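A quick write-up on the structure given underneath.
The values are calculated or read from the model by the stated rules, or taken from the named source; none is laboratory data. As the structure is a prediction and not an experimental result, all values here were calculated from the model. Ideal geometry is used to build each Cβ from the backbone, glycine not excepted, and the neighbour counts take in all protein chains shown.
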Ligand code: SF4
């Protein structure tokens, strides 16, 4: 199956893929992505719905103490580190970026709690940049479909960037994520209705 066919199948499955985190600004997206580590988007949306009513800018977030923020995000897990990073990141935005979220992956990665994956998600989703954020779903799908043979997200990202056209990266990342989340799940994937059976490496 060539690259075009693969993309066609992804387009058929997810013609207009969308990020499932709710947000109204670049800052809200950044906070939501930090909260989403090891947590479902659904849970994050429940938490941010309340949190962003009053604390939707770096300045407002900084009016919370570490303990107060921990209490608000508790159910997302890893709340101590997440609260610490959100406050440190907000302080950086205020002190170094005039309260704005920077629009390049290099600058984004200088922020507390923002690694390569988070930077790529924000860059692609908030700024329309072309980037492939490799999370657990994208990594699993890439291995099953034989695009890569690695457990390293960065290696996977580089391989996907080589295989697919730059213009498709942002959309492809979302399509692969949704494919992994809803069809090619870690346990009990829906292989019966999968268009990639002929190239899949998973033993069934
Ligand atoms: S056949 Fe099953 S395991 Fe393979 S890619 Fe499709 S859903 Fe995933």
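At-a-glance table
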quantity	calculated
Hits in region 187-199 - residues which are closer than 22 Å to residue 153 by Cα, within 10 Å of the ligand (Cβ to nearest atom) and surrounded by fewer than 17 Cβ atoms within 10 Å (Cβ to Cβ)	199
Search result, residues across region 184-203 that are under 15 Å from residue 147 (Cα atoms) and either touching a strand residue (DSSP E or B) at 6+ places or on another chain (Cβ under 8 Å) or assigned to a loop (DSSP other than H, G, I, E, B) (or both)	184, 196, 200, 201, 202
From 117, 151, residue being free of Cβ contacts under 8 Å to residues at least 60 places away in the same chain and not assigned by TED's automatic domain parsing to the domain that holds residue 194	117
Boolean, residue 167 is under 24 Å from residue 108 (Cα atoms) and surrounded by fewer than 19 Cβ atoms within 10 Å (Cβ to Cβ)	yes
Unmet criterion (only one of (1) surrounded by 14 or more Cβ atoms within 10 Å (Cβ to Cβ); (2) more than 16 Å from the ligand (Cβ to nearest atom)) for residue 184	(2)
